[in-house]
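The values are calculated or read from the model by the stated rules, or taken from the named source; none is laboratory data. Because the structure is predicted, anything quoted here is derived from the model rather than measured. Every residue, glycine among them, receives a Cβ derived from its backbone with ideal geometry; neighbour counts consider all protein chains shown.
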Amino acid sequence: MTSVPTEGDVLKMLDSLSNWGRWGADDQLGTVNFIAPAQRKRAAALVSEGVSVSCSRPISTDITADTTVQPMRFMVDSGEGRDTAPLERNLQRRGAAEFIGMVFHGYTITHVDTPAHYFWNGRMYNGRSCNLITSREGAQVEAVDLLRDGVVSRGVLLDVAAVKGRWLEAGEGVMPEDLEAAEKAQGVRVEPGDVLLVRTGYYARRRAEGPRSPLKDGSPAVHVASLPWIRERSVAMLGTDTHNDVSPLPYPRIGNALHVVSLVAMGMWLIDNGNLEELAQACARYRRWQFMLTVAPLVLERVTGSPVNPIAVF
């Protein structure tokens, strides 16, 4: 059984798991480099049923217990009264339109984190200065438009909650032995270039129990102790049904330890706040936990992430 690392152990991971320089001094893609044409072709060969499944939560303007900054929807124009409006008015504008605004980094919106999202000791992935992310210019490096062509690779769901037979509790971390137990139970192995999705049951429990859920003050997640295992398997991206850090935070002086080690040291892009419930049902129905996964962020220039709707295709 993997022992829970100390704060000092986690700090050492910043060196032992580092990918700085692995793909050259100018690299900005980090572990996405593991996805080559061979991985995309392998993923496409997994499509047999022709069934697609979204792995995204809905983006709602409702306020929930997890909401930090409420998404905004402002209607620029609507259909109200268009059935009685004069012809001149209808000729000027026949359609509806809206303004949408949001802070997607947080605990509710399914989104991608780029390596530029986190810093440690003034540095981000590949040793770049944190000062390259400015208020005026935004992310001058490691921005999300690097993925303008999308991410297409084999997705693997490790349904830890199903293997354990229960939803994980607040503060509970998914350890390497949990990942391997899910591999064994599901008959699948995580391999280089895969996008690894891990289900804890967090989102299902929050939906079922609402504001009175015991998870309101914390959440399970993949523990930072699993990152050496994930690096050894050469995972391209990691996504879960949580915000990807155990809370309450076990390492207060580090903060979101998994984010720090993943983004800064490893250059591993993260998918936060996924909805893996329908995906888990599809995997159980087809008796396979591998599929083609497409992750297509918005082509936002100089931005440290993007809302995203990952699509699994069986």
For the structure I just gave you, tell me whether residue 112 is within 28 Å of residue 254 (Cα to Cα), in contact with a Gly (Cβ under 7 Å, 6 or more places away or on another chain) and either not assigned by TED's automatic domain parsing to the domain that holds residue 284 or not in a loop (DSSP other than H, G, I, E, B) (or both). yes
Output the residue which, of all residues in the range 115-124 that are in contact (Cβ under 8 Å) with a residue 24 or more places away in the chain and in a loop (DSSP other than H, G, I, E, B), is nearest to residue 82 (Cα to Cα). 118
Can you find a residue in the range 32-51 that is in contact (Cβ under 8 Å) with a residue 24 or more places away in the chain and surrounded by fewer than 10 Cβ atoms within 10 Å (Cβ to Cβ)? yes
List every residue pair whose Cβ atoms lie under 8 Å apart, where the two residues are 6 or more positions apart in sequence or sit on different chains, the first residue falls within the range 168-179 and is farther than 17 Å from residue 257 by Cβ and charged (D, E, K, R), and the second residue, located anywhere, is at pLDDT below 95 and assigned to a helix (DSSP H, G or I). 169/214; 169/215
Scanning the range 62-102 for residues that are exposed (fewer than 12 other Cβ atoms within 10 Å of the Cβ) and in a loop (DSSP other than H, G, I, E, B) gives 62, 63, 68, 78, 79, 80, 81, 83, 84, 86, 94, 95
